[in-house]
Amino acid sequence: EAGVAQSPRYKIIEKRQSVAFWCNPISGHATLYWYQQILGQGPKLLIQFQNNGVVDDSQLPKDRFSAERLKGVDSTLKIQPAKLEDSAVYLCASSLDPYSQKQFFGPGTRLTVL
Amino acid sequence: DQQVKQNSPSLSVQEGRISILNCDYTNSMFDYFLWYKKYPAEGPTFLISISSIKDKNEDGRFTVFLNKSAKHLSLHIVPSQPGDSAVYFCAARSGAGSYQLTFGKGTKLSVIP
């Protein structure tokens, strides 16, 4: 079974630039999550999708972050414009449904904002 | 406001001995508690979980204990192996709404051969 795929693995940009991350969840998983993990911290949920609908985006900085999962499969997370404090690893995870305890994580995208 | 706390950033244990990782929480509405393991440059992987109505769950070398009155859980690894060296995250699931996970900051376990 293929795992959660993410690209790119690494990205370096300057502040005020824009960046986009892509995630392809495990086949059949209806629920998709984007997390931000700052160095020395645990993952923090940014947004949760159920199929192509948003379940929870309460911690998403909506003035600069956006995410979509148009066809209910893969998803993109965008930051525009980026700030220095956005430097982090962005993790995508998926689960069969929102009640499932077990989430499957991708390898993450390490973003450095200079 | 940190709802899930892992107060030990790191832990070193000799191979073959027991590793005990601790986690405290503040929210009584959490219904499941989970441990995830993370190797460098990889995403976290699920290790073991426990329902809030249980006090112990065991899976091979891994056992999680839950003390609800103290709002404390611990992960025991016996015996510890060098391959267990990783960062361990404690997570708690909210029992309503989006059922989101709240993670602690992690504890880096080093198992010394």
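Values in this text are rule-based calculations from the coordinates and carry no lab data. As the structure is a computational prediction, the values presented were derived from the model and not from experiment. Reconstructed Cβ throughout: ideal geometry from the backbone, glycine too, with neighbour counts over all protein chains shown.
Within the set of other residues whose C-beta is less than 15 Å from the C-beta of B:His72, count the net charge using Lys and Arg as +1 and Asp and Glu as -1.
Numbers: positive: B:Lys5, B:Lys54, B:Lys56, B:Lys68, B:Lys71; negative: B:Asp24, B:Asp55.
That works out to +3.
Read phi for every residue in the range A:90-102 and hand back ³J(HN,Hα) as whole Hz from Karplus 6.51 cos²θ - 1.76 cosθ + 1.60, θ = phi - 60°, with x for Gly and Pro.
9, 9, 10, 9, 9, 8, 4, 8, x, 8, 5, 5, 8
Considering only B:Leu11, B:Cys90, A:Gly106, whose Cα is most displaced toward the positive end of the charge dipole of the protein assembly as shown, charges sitting on Cβ of Lys, Arg (+1) and Asp, Glu (-1)?
Checked the options; the winner is B:Leu11.
Can you give the mean number of other chain Cβ atoms that lie within 10 Å of the Cβ atoms in peptide A:38-50?
Mean partner shielding for this stretch: 4.
Which ³J(HN,Hα) values, rounded to whole Hz and listed in residue order, are derived for the range B:19-27 from phi using the Karplus coefficients 6.51, -1.76 and 1.60 in 6.51 cos²θ - 1.76 cosθ + 1.60 with θ = phi - 60°, glycine and proline given as x?
With coefficients 6.51, -1.76 and 1.60, one gets 9, 10, 10, 10, 8, 10, 9, 10, 8 Hz.
So, with +1 on the Cβ of K and R and -1 on the Cβ of D and E, and no other charges, what is the size of the charge dipole of chain A about its Cα centre, to the nearest 20 debye?
Computed about the Cα centre, the dipole is about 320 debye.
With the cut-off at 12 Å, report for the range A:27-73 the share of all Cα pairs above it, as a whole percent. Don't skip to the end; give the middle numbers.
On the way: 673 of 1081 pairs.
For the range A:27-73, the fraction of Cα-Cα distances above 12 Å is 62 percent.
Starting with the fewest neighbours, write out B:Ser10, B:Ser51 ranked by other beta-carbon atoms found within 10 Å of each beta-carbon.
Final ranking by Cβ density, sparse to dense: B:Ser10, B:Ser51.
Can you give the net charge of the other residues whose Cβ lies under 15 Å from the Cβ of A:Asp57, counting K and R as +1 and D and E as -1?
+2
Would you order A:Arg69, A:Arg64 from fewest to most other beta-carbon atoms within 10 Å of each residue's own beta-carbon?
Details: A:Arg69 21, A:Arg64 14.
Ranked by crowding around the Cβ, least crowded first: A:Arg64, A:Arg69.
Residues with amide H under 5 Å of A:Val55's amide H, sequence separation 5 or more or different chain, H placed in the peptide plane at 1.01 Å from N; which?
Residues meeting the criterion, in which the H sits 1.01 Å from N, are A:Gln48, A:Phe49, A:Gln50.
Viscosity 1.567 mPa s, temperature 4 °C: give me the Stokes-Einstein translational D for the range B:1-112 in µm²/s, with Rh taken as the Kirkwood radius over C-alpha pairs.
92 µm²/s
Quick one: dipole size for the protein assembly as shown, taken about the Cα centre, charges +1 on Lys/Arg Cβ and -1 on Asp/Glu Cβ, in debye to the nearest 20.
Approximately 380 debye in magnitude.
Note the per residue figure in Å³ for the convex hull of the C-alpha positions in the protein assembly as shown.
Convex hull of Cα atoms, per residue: 125 Å³.
Within a Cβ distance under 12 Å of A:Ser75, other residues only, what is the Lys/Arg minus Asp/Glu net charge?
+1
Which is farthest toward the positive dipole end of chain A among A:Val89, A:Ile26, A:Val54, measuring Cα position about the Cα centre, with Cβ charges +1 (Lys, Arg) and -1 (Asp, Glu)?
Value: A:Val89.
Quick one: 3J(HN,Hα) in Hz for the range B:58-73, Karplus 6.51/-1.76/1.60 with θ = phi - 60°, rounded, Gly and Pro as x.
Going residue by residue, I get 10, 8, x, 7, 10, 9, 10, 10, 10, 10, 5, 5, 8, 6, 9, 9 Hz, with x marking Gly and Pro.
Return the whole-Å distance between the Cα centroid of the range B:1-19 and the Cα centroid of the range B:84-113.
10 Å
Neighbouring Cβ atoms within 10 Å as the yardstick, rank A:Phe104, B:Phe89 fewest first. Intermediate results must be reported in sequence, preceding the final value.
Working: A:Phe104 21, B:Phe89 25.
If I rank by nearby Cβ atoms, fewest first, I get A:Phe104, B:Phe89.
Take the Cα coordinates of the range A:8-107, assign each an equal point scatterer, and use the Debye formula without solvent to give log10 I(q)/I(0) at q = 0.18, 0.24 Å⁻¹.
So the normalised log intensities work out to -0.81, -1.39.
State to the nearest 20 debye the size of the charge dipole of chain B about its Cα centre, where the only charges are +1 on K and R beta carbons and -1 on D and E beta carbons.
Dipole about the Cα centre, nearest 20: 120 debye.
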